[in-house]
Amino acid sequence: MRSFFNTLPPQSRQILNSIPALIEKTFPIPERFRRTLPSHIAELSRLLTGERGSRSLSYLNRPNFLSAYLYYFLPWNLYRLCRLLPALDLNLCAGSEILDLGSGPLTFVSALWIARPELRAVPLEFHCIDRSAAALEAGKKFFAAVSAGTDSPWKIKLAREEINVRRADVTRKKKNAALVCAVNMFNEAYEDLPHSNTEGLRRAAENIARIVHAQASADGRILTVEPGVPQSGKFIAFLRNAFLELGRPPLSPCSHTAACPLSGKKKRWCHFAFETTEAPKELHRLSSSAGIPKERLVFSFLLAGNTKPPDSGEARIISDAFPLPNNRFGRYGCCSRGLVLLTGEKSRIEKIVSGSLVAPVFSANAGRDAKSGALLAELSPIKKESKK
């Protein structure tokens, strides 16, 4: 059983635990502004979620919002990415170019440094694009603090640029990126679409697929990470379809290239969650002060490439555990046969980590769940040691 969210290695956990103090040292704010920081965090959170229509596109150019982002959203996004990145095959090597769209304060660059220590000595070139010059400069300063004393061979180039995802427009001329990534970027293309506008969401995904496809090398990877809400999950499903048509099959989280069984589902979407018990205590305290404590982090993502390994028949776990009749428990999974409802004893089902790949066992006459239409399956039996 393999999962995205294995326990962080000690070195990465140590760096993440130091992030709140490092942010305070790198971006000190006067005490009178520190007292209002929780309220600014709460206000920015509202603008980034329920009140997006009233948010200025240049919100990170405002000092109070930039501080709120650096002290709260940056460390939480780092924590989320650092739990995901170690499990992804990014196919990076010496000289690889990474295009980071909507970089903000270089969250992805810093997360990659923290989570993938084997890449720290590899010469990589990052092209970081964002509409906020202030956020980019803050990110470069923060990365210098994170990597201080290591003589990093990474080259980071900043570009203030508007990226019109609705028109599939990006002015960058280079088109040889080994990795194109976008973290919390593409939701701006569909955030104001009514949830009933399925066709508009599909068109937005197709436009975005063309943007990043044109920027990546033939054997490059494309990574997008979005909020773990239903609209994002539906967008990811459309994006997956568009990439398939462009010859870039999904590498993760999908275990197959068959039709997405969640495409068009109203009450189910592909997303993953993990507990935040290992996050720094200082970050939890600040979150509580802002009135937005985080016990779990939830997100949707897609990594696309140019070739797909053979289908192993495994299913990716995409839901929490829930009770079933007859003292059974279940979790939804996704595999090449479609949506699967894996059932079993409570103790086994609850121990499965979100995002795990498991081997479903189908009976010869496997039925379907009456509520969801999912194929019914059991977890593979536990192997018993032979007696000598």
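Computed quantities for the displayed model
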{"read-out": "Residues satisfying the stated conditions in region 29-68, i.e. outside any helix (DSSP H, G or I) and either modelled with pLDDT of 95 or more or of a type in the set (V, I, T) (or both)", "value": "I29, T36, T49"}
{"read-out": "Criterion: outside any helix (DSSP H, G or I) and either without any contact (Cβ under 8 Å) to a residue 12 or more places away in the chain or touching a Cys at 6+ places or on another chain (Cβ under 8 Å) (or both) - qualifying residue of T257, T224", "value": "T224"}
{"read-out": "Evaluation of I211 against (1) in contact (Cβ under 8 Å) with a residue 40 or more places away in the chain; (2) part of a helix (DSSP H, G or I); (3) more than 17 Å from L48 (Cα to Cα); (4) touching a Phe, Trp or Tyr at 6+ places or on another chain (Cβ under 8 Å) (one fails), failing number", "value": "(4)"}
{"read-out": "Any chance V361 is within 24 Å of the chain's Cα centre (by Cα), surrounded by fewer than 21 Cβ atoms within 10 Å (Cβ to Cβ) and over 21 Å from K265 (Cβ atoms)", "value": "no"}
{"read-out": "Complete set of residues in region 229-254 that are in a strand (DSSP E or B) and either polar (S, T, N, Q) or more than 17 Å from R316 (Cβ to Cβ) (or both)", "value": "S252"}
{"read-out": "Single residue of region 168-196 satisfying the filter (outside any loop (DSSP other than H, G, I, E, B) and at pLDDT 90 or above) that is surrounded by the fewest Cβ atoms within 10 Å (Cβ to Cβ)", "value": "A178"}
{"read-out": "Positions within region 290-304 being aliphatic (A, V, I, L, M) and surrounded by fewer than 21 Cβ atoms within 10 Å (Cβ to Cβ), in sequence order", "value": "A290, I292, L297, V298"}
{"read-out": "Out of E350, E385, E378, sole residue that is open to solvent by 70 Å² or more (accessible area, probe 1.4 Å), in a loop (DSSP other than H, G, I, E, B) and either over 16 Å from W269 (Cβ atoms) or modelled with pLDDT of 90 or more (or both)", "value": "E385"}
{"read-out": "Selected residue (only one of T277, T307 is assigned to a loop (DSSP other than H, G, I, E, B), open to solvent by 60 Å² or more (accessible area, probe 1.4 Å) and in contact (Cβ under 8 Å) with a residue 12 or more places away in the chain)", "value": "T307"}
{"read-out": "Qualifying residue in region 140-160 (condition: outside any helix (DSSP H, G or I) and buried (at least 22 other Cβ atoms within 10 Å of the Cβ))", "value": "no"}
{"read-out": "Residues within region 310-330 that are surrounded by 18 or more Cβ atoms within 10 Å (Cβ to Cβ) and either at pLDDT below 90 or within 22 Å of the chain's Cα centre (by Cα) (or both), tallied", "value": "7"}
{"read-out": "Hey, S287 buried (at least 17 other Cβ atoms within 10 Å of the Cβ), polar (S, T, N, Q) and assigned to a loop (DSSP other than H, G, I, E, B) or not", "value": "no"}
{"read-out": "Failed criterion for G333 (all others in (1) outside any strand (DSSP E or B); (2) buried (at least 18 other Cβ atoms within 10 Å of the Cβ); (3) not hydrophobic (A, V, I, L, M, F, W, C) hold)", "value": "(1)"}
{"read-out": "Total residues in region 260-272, condition at pLDDT 90 or above and among the small types (G, A, S)", "value": "0"}
{"read-out": "Residue match in region 131-148 (condition: farther than 24 Å from L60 by Cβ and at pLDDT below 90)", "value": "no"}
{"read-out": "Region 110-130 residues that are without any contact (Cβ under 8 Å) to a residue 40 or more places away in the chain, paired with ones that are open to solvent by 10 Å² or more (accessible area, probe 1.4 Å) and of a type in the set (A, V, I, L, M) (beta carbon under 6 Å, 6 or more apart)", "value": "S110/V146; V122/A94; P123/A94; F126/I156; C128/L158"}
{"read-out": "Within region 222-258, tally of residues that are among the basic types (K, R) and either over 18 Å from T307 (Cα atoms) or open to solvent by 20 Å² or more (accessible area, probe 1.4 Å) (or both)", "value": "1"}
{"read-out": "The lone exception for D89 - which of (1) within 19 Å of I156 (Cα to Cα); (2) under 20 Å from the mean Cα position of the chain (by Cα) it fails", "value": "(1)"}
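The values are calculated or read from the model by the stated rules, or taken from the named source; none is laboratory data. These figures come from a predicted structure and were not determined experimentally. Glycine gets a Cβ as well: all are built from the backbone with ideal geometry, and neighbour counts include every protein chain shown. Please note that ligands, DNA and RNA were not included when accessible areas were found on the heavy atoms of the full protein model with its side chains. Shrake-Rupley method; radii C 1.70, N 1.55, O 1.52, S 1.80 Å.
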